[in-house]
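> The structure follows.
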Amino acid sequence: MIIQNAGVFDAEKGFVKKTLYLDGEKITEDVKAAEKDGQVLDAEGLMAIPALVDIHFHGCDGVDFCDGTEESIARIAAYELKSGIGAICPATMTFDEERIGRIADAAAAHVNGTGADLVGMNMEGPFISMKKKGAQNGAYIHKPDAEMFLRLQKRAGGLFRLCSLAPEEPGAMEFIEAVKNSTVVSVAHTCTDYETACEAFQRGASHVTHLYNAMPGLTHREPGPIAAAWENGASVELIADGIHIHPAMVRLAFSLFGDDRVVLISDSMMAAGLPDGDYELGGQAVTVNGSKAVLTDDPQTIAGSVTNLMNCMRTAVLSMGIPLESAVKAAACNPAKVIGVSDSYGNLTPGCFGNILLINDRLEMIYQIQRGKIMGGKNE
C-alpha cells in the first residue's frame, strides 16, 4: 500500500508532507515492494499518526481485564482498536496471587488477531500503600514481594511490562533491585516523601503511575514524588479525561517533564463505551454518572475513567491546550518506548507495523489502518 499526500507525524520533526510505503503488515522504505498490490490511498488534507498505545487501563465495553478470560481480552481488544488504539497493555488490580495468576494465564494464552495487539500487562497492585489505595481493594494489599512478582512474571510469559510500587513500604528498595531487570518499576499509590522517592529512582524505578493521583502533591517544603520524578528522569502518566486532573496541571506536567517523558493513559474501566449505571472495578461496586466513575460506597473516590485514550488525546489538544505533536508523542511514541515495544508500535518508521490513523483537523479518524489493512472508510 502507498499513502500519499498526508502530513505524516515524525517524533523529531512534527508533521511532514511525504509518502508512506507499506509492504504487507509493516512500514517500509522499499518503494517497489509497496507498489506490488497497486493500492494507493490519497490522504490529501489529512494527518497520519501512529495508532495509539495504552499502557494503563482496566476494561471497556462491559468487561474487565481482570475477568481473566479470552472472551474479555478479545472484547477489550476489539473496542480499543475501534477507538484508534493499536496496541494495549492493560492493568491488573489489587488481588491475591492466585487471581492475578489466572489473569496472567489468560494473557499469556492470548493470540493477537482482529483487535488491538496485546503487547504487555501492567501490574498496578498489590504492592501499594493502604493510605493511598484509591479504588484498589485494600483487602489484598501485599508488602513488596519480589519472589511473588517473579512467579507471576514467569506465569505471564514475561508480559508484565510495568509493576507499581509504593517505595516507602518495607522491603520496597530490595524489591526494586530484584525486579528492575524484569519489568519497569513505577512509583504509585504512595505516601512517599521526596527523599524516599529519589532513592527509589536511583535504585532503578523509572516511571510514575497516573501522576498527581494517589500520591502527595507538589509543595514548596515537601516536594514529594513529583519533584523526585522530575529530577531523576522518570517518565510519568497523565489521565487527561477532564476529570482526574485540572487542565492547568496537565499543561504544567508537559512543561515540567517535556513531551518526551509524558505518557497519556486512559485508566478506563468496564463502563467505557457504555451508558451511566452500576459497574464493578477490582471487585468493588462503581457508579457511573456522566463522565465520572466513583466507588459506590465511597463517592469521593474516583474509580478509573469511562473514556478511551483517543478521547483523552483529543481532550488534551482541543480542551487543554497541549500541542498536537506533543499529544501524539505522549499517546503513541512514549508509551511504546516505556514498555519496550517502540521498534514495532507507536511510530511511523520503517520496520514498525503499519498501524496508522488518518485524522482531520478536528482529530476525527477518517481512515484506520491496522497491520497494513484498512479497517474502514471515511466516517465524516
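> Between segment 242-256 and segment 190-228, what is the separation of their alpha carbon centroids in Å?
Their Cα centres are 17 Å away from one another.
> A follow-up question, please. May I ask you to compute the full-extension gain from GLU231 to GLU195, defined as 0.36 nm times their residue separation minus their alpha-carbon distance, rounded to one decimal in nm?
Numbers: separation 36, 0.36 × 36 = 12.96 nm, distance 1.15 nm.
Using 0.36 nm per residue and subtracting the Cα-Cα distance, I get 11.8 nm.
> Could you run the Karplus curve 6.51 cos²θ - 1.76 cosθ + 1.60 with θ = phi - 60° over segment 341-346 and give me ³J(HN,Hα) per residue in whole Hz, x for Gly and Pro?
10, 6, 6, 10, 9, x
> In 20 Å bins starting at 0, how do the alpha-carbon pair distances of the chain split up by percent?
Here the calculated profile for the chain is 31, 58, 11, 0.
> I've got another one for you. Add +1 for every Lys or Arg and -1 for every Asp or Glu among the other residues with Cβ under 10 Å from the Cβ of GLY351, and state the total. It would help to have the intermediate numbers written out before the result.
Values: positive: LYS26; negative: GLU29, ASP343.
Residues near GLY351 contribute -1 overall.
> For the chain, what is the calculated [θ] at 222 nm in deg cm²/dmol (nearest 500), taking -39500 (n - 2.57) for each run of four or more DSSP H residues and dividing by its residue count?
Values: 11 runs with 97 residues, N = 380.
One gets -7000 deg cm²/dmol as the mean residue ellipticity at 222 nm.
> Sum up the charges of everything whose Cβ sits under 10 Å from the Cβ of VAL8, counting Lys and Arg as +1 and Asp and Glu as -1, but leave VAL8 out.
Details: positive: LYS13, LYS17, LYS18; negative: ASP10.
So the surrounding residues net to +2.
> Helix 309-318 versus the longest principal axis of the chain: what is the Cα-based angle in degrees, 0 to 90, to the nearest 10?
Approximately 80 degrees, to the nearest ten.
> Using alpha carbons only, how many angstrom separate the centre of segment 1-50 from the centre of segment 118-185?
So the separation of the two Cα centres works out to 40 Å.
> Same structure, new question: Of all the accessible heavy-atom surface of the chain, with the other protein chains kept in place and a 1.4 Å probe, what percent is carbon and sulfur?
Details: 7060 of 14870 Å².
In the chain, the share of accessible area belonging to carbon and sulfur is 47 percent.
> How do 70-78, 90-98 rank on mean C-beta neighbours within 10 Å, highest first? Write out the running numbers ahead of the final one.
On the way: 70-78: 19.0, 90-98: 21.4.
Listed from highest to lowest mean packing, they are 90-98, 70-78.
> Work out the charge dipole of the chain with +1 on the Cβ of Lys and Arg and -1 on the Cβ of Asp and Glu about the Cα centre, then indicate which of THR287, PHE9, GLY68 is farthest towards its positive end.
It is PHE9, whose Cα lies furthest towards the positive end.
> Let me make sure I get this right: for segment 96-212, a, b and c are the square roots of the gyration tensor eigenvalues over alpha carbons, sorted descending. Under 1.5 in a/c it's rounded, otherwise prolate if a/b > b/c, else oblate. Which is it? Can you show the working numbers first?
Details: a/c = 1.77, a/b = 1.64, b/c = 1.08.
Taking the square roots of the gyration eigenvalues as a ≥ b ≥ c, segment 96-212 is prolate.
> If you fit an axis through the alpha-carbon atoms of helix 247-257 and take the longest principal axis of the Cα set of the chain, what angle between them do you get, 0 to 90°, nearest 10?
The two axes meet at around 90 degrees.
> If amide hydrogens are placed 1.01 Å from N in the peptide plane, which non-local residues have theirs closer than 5 Å to the one on ILE366?
Under 5 Å from the amide H of ILE366: LEU358, ILE359, ASN360.
> With an 8 Å Cα cut-off and a minimum separation of 6 or more residues, compute the relative contact order for the chain in percent. Intermediate results must be reported in sequence, preceding the final value.
Working: 944 pairs, mean separation 73.4, N = 380.
About 19 percent, as a whole number.
> Measure up LYS17/LYS329; LYS18/LYS82; LYS143/LYS337; LYS292/LYS337; LYS82/LYS373 against 20 Å on the Cα-Cα distance and list the ones that go over. Mind dumping the intermediate values first?
On the way: LYS17/LYS329 18 Å; LYS18/LYS82 26 Å; LYS143/LYS337 29 Å; LYS292/LYS337 30 Å; LYS82/LYS373 14 Å.
Beyond 20 Å between Cα atoms: LYS18/LYS82; LYS143/LYS337; LYS292/LYS337.
> What's the magnitude of the charge dipole for segment 231-380 around its Cα centre, counting Lys and Arg as +1 and Asp and Glu as -1 at the beta-carbon? Answer in Debye, nearest 20. Display every interim value, and only then the final one.
Numbers: 10 positive and 16 negative charges, 115 e Å.
Dipole size: approximately 560 debye.
> Measuring with a 1.4 Å probe in the full set of protein chains, what accessible area per residue, in whole Å², belongs to segment 240-380? Walk me through the numbers before you get to the answer.
Details: 5470 Å² over 141 residues.
With the other protein chains kept in place, segment 240-380 gives 39 Å² per residue.
> As a test of reading the structure, rank ASP145, ASP105, ASP64, ASP343 by solvent-accessible area (1.4 Å probe, protein chains only), most first.
Details: ASP145 35, ASP105 65, ASP64 10, ASP343 110 Å².
From most accessible down to least: ASP343, ASP105, ASP145, ASP64.
> Also, quick follow-up: With θ set to phi - 60° and the Karplus curve 6.51 cos²θ - 1.76 cosθ + 1.60, what are the ³J(HN,Hα) couplings of segment 153-161 in order, to the nearest whole Hz, using x for Gly and Pro?
Running phi through 6.51 cos²θ - 1.76 cosθ + 1.60 with θ = phi - 60° gives 5, 5, 5, 7, x, x, 6, 6, 7 Hz.
> Need one word for segment 1-75: rounded, prolate or oblate. Basis is the Cα gyration tensor (sqrt eigenvalues a ≥ b ≥ c); a/c below 1.5 gives rounded, then a/b vs b/c decides.
Prolate, because a/c is 1.5 or more and a/b exceeds b/c.
> Using a cut-off of 12 Å between alpha-carbon atoms, which aspartates and glutamates can reach LYS26, once sequence neighbours fewer than 8 places away in the same chain are excluded?
Here the aspartates and glutamates satisfying the reach criterion relative to LYS26 are ASP343.
> Within a Cβ distance under 12 Å of VAL328, other residues only, what is the Lys/Arg minus Asp/Glu net charge?
Details: positive: ARG314, LYS329; negative: ASP10, ASP259, GLU325.
Once positives and negatives cancel, what remains is -1.
> Given charges of +1 on the Cβ of Lys and Arg and -1 on the Cβ of Asp and Glu, with all other atoms neutral, how large is the dipole of segment 1-59 about its Cα centre, in debye to the nearest 20? Can you show the working numbers first?
Values: 6 positive and 11 negative charges, 24 e Å.
Once rounded to the nearest 20, the dipole reads 120 debye.
> Looking at the chain only, what percent of DSSP beta bridges run antiparallel? Nearest 5 please.
Numbers: 35 of 63 bridges.
Expressed as a percentage, antiparallel bridges in the chain total about 55.
The values are calculated or read from the model by the stated rules, or taken from the named source; none is laboratory data. Everything numeric here is computed off the predicted structure, so don't read it as measured data. Using ideal geometry, Cβ is built from the backbone for each residue, glycine included, and neighbour counts are taken over all protein chains shown. Protein only, heavy atoms only, side chains kept; ligands, DNA and RNA dropped before computing areas. Shrake-Rupley method; radii C 1.70, N 1.55, O 1.52, S 1.80 Å.
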